[in-house]
Amino acid sequence: MGTVRSELAELVALRSVADPRQFPVEGCQRAADWVRDKFLDEGFEDARLELTPDGSQAVVASRSCGDPSAPTVLLYAHYDVQPPLDDAAWRTPPFELHEVDGRWFGRGAADCKGNILMHLVALRALGGDIAVNLRLVVEGSEEAGTGGLEAFVAANPELFRADAILVCDTGNAAVGKPAATVSLRGMVNVVVTVEALASEIHSGMFGGPVPDALAALIETLATLRDAAGNTVITGLDRSGTWTGEHYPPDQFRTDAGLLDGVQLIGDGDVSDMLWARPALTVLGIDAPAVLGSSAALVPKTAARLNLRVPPGMDPVIARDALVAHLEAVAPWGVHITVETEAMGAPFSADTTGPAYQALADAMREAFGVPMTTLGQGGSIPLCNVFADTYPGAEIILMGVEEPMTLIHAPNESVDPSEIERCALAEALFLQNYAVQHAVDV
């Protein structure tokens, strides 16, 4: 761990936001070069940059243990990061690594540059004593969601074929409480547009009998939740329950930053609502800003909606149900159109194989307590590509991103003890998986 802070500081300083509209592409290029060079130093002699179909570069490499009969493990992370959002909301500059109250703050410190350091520390701990064959991919457009690596994997399946795949872009239940993520919700993004008038008209002269588009949109969106706050879309089951680790409501309130007096919503417990049921969020609405708004009826408006889809639910069926619901409830004869923007399937891991057993043993040894299992509300479409391309592979999601990391938000941070213990768990896993695999075979 001696060089981890300085190395993470170097990597955080590289502004690798994969969106040239916001940040120069040089930030991603320099981050890709940094990652490639570090893994070259750790024995991945073929480490190189591969151009993917969305224009991003992935670091791709392999390392042989000298035994072709040994199992192969693919290590995954990503070097691109979310934009910092509001710089003024950060307690420290977003692209500088600073320690505050024992945590290291900076954009990407946890998601996912902390996981890149986790891989490096694990490999350094083992030195040349690795009994499995290794493959590596560190992508450069995961946060952009443009699908570059997904398409590259599908076109180059032999580069990434493995018995176990460590997708290191999730994290633990809490600091010091190890977990594997075994469930990911899928998602459906749509844009719903409502039109009612040919142009703006004066609210004093026409308001009352004339339906304006904004009021119709509000009326439509209100039907997507019931009085308890449950997502209610005609034709979609909302009775799912979560059977893994329970998320204590008080802990969740703290992790989510709920204000005093604000209630949790829904009639399931937190784990059910997060990981086992559909959840609809309004991401944005086209509406006049309060400042500068005029006394006029809005003729046309739109909203961007995000529907999270739990495992076991087909995202196409969910999208069709959402579209049919919106079209059916739009009031007053207004014109409504719904455009699909993006879809991703949910994911559920098979936890019965030797890799999961080896990981559970490694986690217990590294953390001193048993590993638990979590779901995640977010989507990682690459997991489904891996599952479809390598149906025999065990896919394991783990990493340093516990709830206090505040990924995607201002003041992202990582607890360095999580890097240390997760790296130890990874090293123990790589050391023991070959034995576990041989016994299972």
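What to note about this one:
- Candidates per GluC sites (Glu not before Pro) in segment 1-89, loop by DSSP, up to 14 other Cβ within 10 Å: Glu45
- Coarse-grained scattering of segment 182-237 at q = 0.22, 0.26, 0.31 Å⁻¹, given as base-10 log I(q)/I(0) from a Debye sum over alpha-carbon atoms: -0.98, -1.14, -1.30
- Diffusion constant of segment 211-310 at 10 °C, which comes from Stokes-Einstein with the Kirkwood Cα-pair radius and 1.306 mPa s, µm²/s: 100
- Percentage of interatomic Cα-Cα distances in segment 283-441 larger than 23 Å: 60
- Straight-distance candidates among the lysines for linking to Lys38, with alpha-carbon spacing under 28 Å and chain neighbours fewer than 8 residues away dropped: Lys113.
- Order by protection proxy (mean Cβ within 10 Å, highest first), peptides 288-295, 411-418, 333-340: 411-418, 333-340, 288-295
- For segment 31-153, taking the reciprocal of the average inverse distance between every pair of different Cα atoms yields a Kirkwood hydrodynamic radius of 15.7 Å.
- Applied to segment 98-115, the Karplus parametrisation 6.51 cos²θ - 1.76 cosθ + 1.60 on θ = phi - 60° returns per-residue 3J(HN,Hα) values of 10, 8, 9, 6, x, 9, 9, 9, x, 5, x, 4, 9, 10, 9, 5, x, 6 Hz, with x for Gly and Pro.
- Segment 61-175: antiparallel DSSP beta bridges as a percent of all, rounded to 5: 35
- Calculated FRET efficiency, Ala198 to Arg364, Cβ-Cβ distance, R0 = 60 Å: about 0.35 to the nearest 0.05.
- Calculated FRET value between Ala222 and Ser64, using beta carbons and R₀ = 45 Å, to 0.05: 0.15
- Shape analysis of segment 80-136 based on the Cα gyration tensor places the equivalent ellipsoid semi-axes at 31, 13, 6 Å, largest first.
- Burial ranking of peptide ranges 241-248, 226-233 (average Cβ count within 10 Å, highest at the top): 241-248, 226-233
- Distance-filtered residues of segment 46-71 - backbone nitrogen under 19 Å, label point 7 angstrom along Thr3 Cα→Cβ: 46-48
- Taking only protein heavy atoms and a 1.4 Å probe, the accessible area of the chain is 52% carbon and sulfur.
- DSSP-defined beta bridges in the chain - what % are antiparallel, rounded to 5: 65
- Per-pair calculated FRET efficiency, R0 = 35 Å: Asp46 and Gln251 via Cβ, rounded to 0.05: 0.20
- Plainly put, the chain has a radius of gyration that is 1.01 times its Kirkwood radius, both from alpha-carbon atoms, as the Rg/Rh ratio.
- Segment 263-331 - Rg (one decimal) and Dmax (whole number), Cα, Å: 16.2, 48
- Relative contact order of segment 40-112, pairs being alpha-carbon contacts under 8 Å that are 6 or more residues apart, as %: 20
- Over the residues of the chain, the helix contribution to mean residue ellipticity at 222 nm works out to -9500 deg cm²/dmol, using -39500 (n - 2.57) for each DSSP H run of at least 4.
- Extent along principal axes [Cα atoms of segment 152-274; Å; largest to smallest]: 68, 47, 28
- The calculated Kirkwood hydrodynamic radius for segment 314-398 is 16.4 Å, given to one decimal from all distinct C-alpha pairs.
- Remark: the chain carries 43 Å² of accessible area per residue (probe radius 1.4 Å; ligands, DNA and RNA excluded).
- log₁₀ of I(q)/I(0) at q = 0.24 Å⁻¹ - segment 120-161, Debye sum with one point per alpha carbon: -0.86
- Summarising the label geometry, the points placed 7 Å from Cα in the beta-carbon direction at Ser417 and Thr389 lie 3.8 nm from one another.
- Using C-alpha pairs below 8 Å separated by at least 6 residues, the relative contact order for the chain is 25 percent.
- Among 266-272, 378-384, 110-116, the order from most to least packed when residues are scored by Cβ within 10 Å on average: 110-116, 378-384, 266-272
The values are calculated or read from the model by the stated rules, or taken from the named source; none is laboratory data. This one's a predicted model, so the numbers in the text were calculated from it and none came from an experiment. Note: ideal-geometry Cβ built from the backbone for every residue, glycine included; neighbour counts use all protein chains shown. When the accessible area is computed, the model is the full protein with side chains, heavy atoms only, and any ligands, DNA or RNA have been set aside. Shrake-Rupley method; radii C 1.70, N 1.55, O 1.52, S 1.80 Å.
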